[in-house]
Structure formats: C-alpha cells, structure tokens
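Just below is one structure, and these are the notes that go with it.
Coordinate-derived values only; no laboratory data. Predicted model only: the values in this text are computed from it and were never measured. All Cβ positions, even for glycine, are placed from backbone atoms using ideal geometry, and neighbour counts span all protein chains on display.
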Amino acid sequence: MKLYGSPTSPYVRKARVLIAEKGLQVEFVVEDPWVDNSPIIAKNPLSKVPALEIGPDNYMFESALVVHYLDHVDGRSFTPRDPPGYWQAQWWQALGHGIIDAGIARVLETRRPADKQMPEKMAREEDRIHRAIALAESSFKGGDYLVGNRFSLADLVLGVALQYTDFRYPHDWRTGASKIAAWYKGIAARPSFVETQPPGFTPPQ
Ligand SMILES: N[C@@H](CCC(=O)N[C@@H](CS)C(=O)NCC(=O)O)C(=O)O
C-alpha cells in the first residue's frame, strides 16, 4: 500500500500514526494537493489528502475512511468492541475531527492576503477549539486512555488534533485542562507520534 499526502496535514497524520502503531508496510509518498494539476486529482477527484492506494488504480480517500480501512486491514483493530466503548470512541473521534477542521479553517484564514482576512472568522474557529477542549476536560475521567484501558482511535484522533493545535495555533490550552494535558503528554510520547511529527514542529515542554 501507499499513502499519499503532506507531512504537515493532520488528516494524513491520523493515518500515519495508525500505520506506525500497527507496523504496517505502507510507503508514505509526499504529494501536494494545493498545486495546479496536482497528481492527487488522479487518486482523489476532490483533490485532498490523504489518499491510500489499496490496489492498482484503487484508492481510498477521506481520512475517516482511510483510518477505518487501516484499522480493519490486519484484524488488529484499535476500535473498542463493547458497544459503550465503541460509541464513546466514536464520540471522541468526532470531537477530535472538529478540532482539526477548526484548526485547518483558522490556518487557511491566516494565509489569505492581510486585507482579506476576517478576524471574526478566526475567532469563531478559535472558540470552537476552546469549547471542544473544555468539553474534553469535563468529559474525561482521567488516566492514560480516553476509553477503556488500552490505546484506541479515540486517543489517536484527539492526540493528533491537540498536537496540530500546538503546531498551528499554539496557546495555553493546558491551564484549565489538566486531566487532558496529563493524558496528552503520554500520548504524544508514543513512538508513533514522535516518528510522525510535522517538520518544523517542536513540542512544548
Ligand atoms: N475531510 C477531508 C479533509 C482533507 C483535507 O482537507 N486535506 C487538506 C490537507 S490538510 C487538503 O488536501 N487540502 C487541499 C484542498 O483543500 O485543496 C479528510 O478528512 O480527508
């Protein structure tokens, strides 16, 4: 298999962390979806990364689907099987996806010409992130894992989301979210996270 994407994309990073966690044989190929006539278009008509090649001219796209595929490809799923755990893990992933989407929307706004940027749009995205982290803190019982007693896709997606926040929207979210901050420290130290850090990112101490 081959995974196409950018080393800074949090959507791609979810797949890269999962590949590293599982030790899957998947080649990571850097391709830029933003350039005119990007080669990604041939793999994903939506011209977004990640795209996962699963066979000759056969691609999965949309990061949630790519992660779902990789989660099931080897019979060693990181999705809790018990119904409450299953739905809790989906809930945490939805929260993490929302933080990623807001972080990306905010970054894209900062990249518009200065006279076209809308501070209220940035504030709206920042508010989403603040509220989502506050909800994570009030919902979390504390400990090493968000659901049950082993690493799951819940930990993976929220971990990627918070690291992307540290990367592109660094601010003190830890004060006021001490349980999540303590959990995140353990998640960010996992080899799968360390090995896939975006270039140029220095994790805060
Ligand atoms: N919903 C998509 C979003 C993917 C996405 O927006 N990826 C960005 C990279 S961070 C991209 O390829 N953007 C190119 C574009 O919007 O033209 C997913 O989860 O895969």
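Descriptive notes on the structure:
- Taking the chain and dividing mean pair separation by its residue count, relative contact order in percent (alpha carbons under 8 Å, at least six apart): 22
- Between Trp91 and Ile54, the C-beta separation translates, for a Förster distance of 25 Å, into a calculated FRET efficiency of about 0.35.
- In the structure shown, the pairs Lys2/Lys43; Lys14/Lys48; Lys48/Lys185; Lys14/Lys43 are assessed against 21 Å; a Cα-Cα span above that value is assigned to Lys48/Lys185.
- The value given for segment 99-205 is a Kirkwood hydrodynamic radius of 14.7 Å, derived from the mean inverse Cα-Cα separation.
- Relative contact order computed over segment 81-167 (Cα-Cα under 8 Å; 6+ residues apart), in percent: 48
- Dividing the convex hull volume of the alpha carbon atoms of segment 161-205 by its residue count gives 72 Å³ per residue.
- DSSP beta bridges fully contained in the chain are about 65 percent antiparallel.
- Cα-based convex hull, segment 38-84, per residue volume (Å³, whole number): 80
- Projected-area mean, segment 48-146, by convex hull of Cα positions, square nanometres: 9.0
- Radius, Kirkwood style, for the chain when every pair of distinct Cα atoms is counted (Å): 17.6
- Loop-located trypsin sites (Lys or Arg not before Pro) in segment 147-205, at most 15 other Cβ atoms within 10 Å (DSSP): Arg150
- Calculated on alpha-carbon atoms, Rg and Dmax of segment 1-65 in Å: 10.9, 34
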